[in-house]
1. Kindly indicate whether any position in segment 114-134 is under 12 Å from the mean Cα position of the chain (by Cα) and acidic (Asp, Glu).
2. Pull up segment 92-103, narrow it to residues that are without any contact (Cβ under 8 Å) to a residue 40 or more places away in the chain and assigned to a loop (DSSP other than H, G, I, E, B), then point me to the one that is nearest to ligand 3 (Cβ to nearest atom).
3. Do we have any residue at all in segment 89-96 that's away from ligand 2 (no atom under 16 Å from the Cβ), in contact with a Ser or Thr (Cβ under 9 Å, 6 or more places away or on another chain) and modelled with pLDDT of 95 or more?
4. Of all residues in segment 146-185, how many are more than 16 Å from Pro129 (Cα to Cα) and surrounded by 15 or more Cβ atoms within 10 Å (Cβ to Cβ)?
5. For segment 60-88, which positions are of a type in the set (Asp, Glu) and either in contact with a Cys (Cβ under 9 Å, 6 or more places away or on another chain) or within 14 Å of ligand 2 (Cβ to nearest atom) (or both)?
6. Inspect all residues belonging to segment 133-155 and state whether any of them is over 30 Å from Lys35 (Cα atoms), of a type in the set (Val, Ile, Thr) and either touching a residue at least 12 places away in the same chain (Cβ under 8 Å) or not in a loop (DSSP other than H, G, I, E, B) (or both).
7. Could you check how many residues of segment 156-186 are within 23 Å of the chain's Cα centre (by Cα) and assigned to a loop (DSSP other than H, G, I, E, B)?
8. Of all residues in segment 74-90 being buried (at least 18 other Cβ atoms within 10 Å of the Cβ) and assigned to a loop (DSSP other than H, G, I, E, B), which is farthest from ligand 3 (Cβ to nearest atom)?
Amino acid sequence: MKHLFWSLALFFCFNHSIAIVRATNKLTRDCEILKGIYDSYKIKNFESNCCDMENVDCESINSETRMTRLDLSYTNISEIPKNIVNLDELKKINFSGNNLNGEIPSFFSQLPHLEELNLSKNKFYGQIPKSFLDIKNLALLDISDNRLFGIIPSDFCDMETLKIIKYHNNMNSVYPSTCIREKFGL
Ligand SMILES: *[C@@H]1O[C@H](CO)[C@@H](O)[C@H](O)[C@H]1NC(C)=O
Ligand SMILES: *[C@@H]1O[C@H](CO)[C@@H](O)[C@H](O)[C@H]1NC(C)=O
Ligand SMILES: *[C@@H]1O[C@H](CO)[C@@H](O)[C@H](O)[C@H]1NC(C)=O
């Protein structure tokens, strides 16, 4: 009987603590995702309290602390980590000054709170993806210094939140629509 009591007590404690860990720690998960990114791309100087890192900001959102800014500029990565979409409270992302190449991936539009996206100074090639238009809160987009080409469609002028697009130093054939030139400059 005594034995059974302790077994049950342990069982409940154990289950309970797992529930607490699951419920309280989205931030722990954010930091784990970031650690995974650092490990796979061999980026140095990860800190387990990831909010303490200079290139990370965290904020309280619905009374939970979450990662809201991630600056991985000049970290020599050659691919955008796909699981960045799991850092779902991110507002600001900077991937400037890396070796990113190929087409710009479309998954940024899965980040519902994204406001600033800086992809400048890479080797992105191809057209400017229309998926940017699905980023509802986008305010700043920097795709300058890449190898992009094609039209920047006038649909970008209709994005209410968008204040800045930087697109200089791409292939000569990047062609901004008239309204883009008028609204955002060259
Ligand atoms: C940057 O990454 C490339 C591989 O993508 C590697 O060859 C090079 O040595 C790296 N440079 C530095 C400074 O780590
Ligand atoms: C990264 O880009 C953002 C704009 O999105 C800018 O405010 C920030 O200063 C950049 N970071 C660095 C290290 O230049
Ligand atoms: C993007 O990041 C680069 C390098 O970190 C910075 O020089 C540039 O000003 C940023 N772009 C904007 C629009 O803030």
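1. Within segment 114-134, one or more residues are under 12 Å from the mean Cα position of the chain (by Cα) and acidic (Asp, Glu).
2. Step one: of segment 92-103, the residues without any contact (Cβ under 8 Å) to a residue 40 or more places away in the chain are 92-95, 97-103.
This time we only want the ones that are assigned to a loop (DSSP other than H, G, I, E, B), so: 95, 97-100, 103.
Values: Phe95: 9, Gly97: 6, Asn98: 10, Asn99: 14, Leu100: 13, Glu103: 20 Å.
The qualifying residue nearest to ligand 3 (Cβ to nearest atom) is Gly97.
3. First, pick out the residues of segment 89-96 that are away from ligand 2 (no atom under 16 Å from the Cβ): 89.
Still in the running and in contact with a Ser or Thr (Cβ under 9 Å, 6 or more places away or on another chain): 89.
Retained after the next criterion (residues that are modelled with pLDDT of 95 or more): 89.
Yes, some residue in segment 89-96 is away from ligand 2 (no atom under 16 Å from the Cβ), in contact with a Ser or Thr (Cβ under 9 Å, 6 or more places away or on another chain) and modelled with pLDDT of 95 or more.
4. 3
5. Start the filter on segment 60-88 by keeping residues that are of a type in the set (Asp, Glu), which leaves 64, 71, 79, 88.
Answer for segment 60-88, where residues must be of a type in the set (Asp, Glu) and either in contact with a Cys (Cβ under 9 Å, 6 or more places away or on another chain) or within 14 Å of ligand 2 (Cβ to nearest atom) (or both): just Asp71.
6. yes
7. Counting residues in segment 156-186 that are within 23 Å of the chain's Cα centre (by Cα) and assigned to a loop (DSSP other than H, G, I, E, B) gives 8.
8. Glu89
The values are calculated or read from the model by the stated rules, or taken from the named source; none is laboratory data. On a predicted model such as this, the values are computed, not experimentally measured, just so you know. Heads up, the Cβs are rebuilt from the backbone with ideal geometry, glycines too, and the neighbour counts pull from every protein chain shown.
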